[in-house]
Amino acid sequence: LEQVALPLARAGLTAAEAAAALDRHRAAFAAIRIGAPLPDSPEAREWLGGERWLRSHMARDVLATIAALGPRPLLVAQGGVDQQVRPVDADALVAAGRAAGNPAVVDRRYPGLDHLFAASATGDPAAYADAGRLVDPTFLADLAVFVASAPALPR
């Protein structure tokens, strides 16, 4: 809901209009969570075709999953202008790994990168559709080093 609320706040809607739109998203998410038909609203139609993915995403407890990783390497990367995942969310992932005693938590923050790790002044998700945008080479280099240095998982 937070990811939906942020763009509503920037869309120039009145507080009442934004609250009503958020309520319609909330109703769509409730239906998706239980596998019910989507309500008939523009907000619900935004999720058509993605219901199964969203339902599986909602069912996952990410912090519990991180705690269960044990000492496996964990990379938490955060774009500095990401408008979908806030720094406090990345902080929670790092903290969960460290609280579980994982010595292999790597915390990387990238000022000027958005949710897709592409350069952006604002992080506006509307730019995602630009096929000419490239993933930042510094992020890619850090990711390659992390993957190359991680031990192989047991089979």
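Just so it is clear, none of the values below were taken in a lab; they were calculated from the coordinates. What you see is a predicted model, and the numbers here were worked out from it, not measured in a lab. Ideal geometry is used to build each Cβ from the backbone, glycine not excepted, and the neighbour counts take in all protein chains shown.
Listed values, structure above:
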{"quantity": "Degrees separating the helix 15-34 axis from the principal Cα axis of the chain, which is the longest one", "calculated": "70"}
{"quantity": "Compactness relative to 2.2 N^0.38 Å, alpha carbon Rg of the range 99-145", "calculated": "1.41"}
{"quantity": "Two-site label geometry, Leu134 and Arg108: point separation in nm, points 7 Å out along Cα→Cβ", "calculated": "1.7"}
{"quantity": "Coordinate range along principal axes, alpha carbons of the range 75-155, Å, largest first", "calculated": "39, 26, 21"}
{"quantity": "Cα centroid of the range 1-74 to Cα centroid of the range 78-110, whole Å", "calculated": "21"}
{"quantity": "Of all DSSP beta bridges in the chain, antiparallel share, percent nearest 5", "calculated": "25"}
{"quantity": "Pair-distance profile P(r), taking every C-alpha pair of the range 1-152, with 5 angstrom steps and integer %", "calculated": "2, 9, 13, 15, 17, 18, 14, 8, 4, 1, 0"}
{"quantity": "Convex hull volume per residue for the range 1-84, taking Cα atoms only, in Å³", "calculated": "122"}
{"quantity": "Label point distance in nm, Arg33-Ala64, each placed 7 Å from Cα along Cα→Cβ", "calculated": "1.5"}
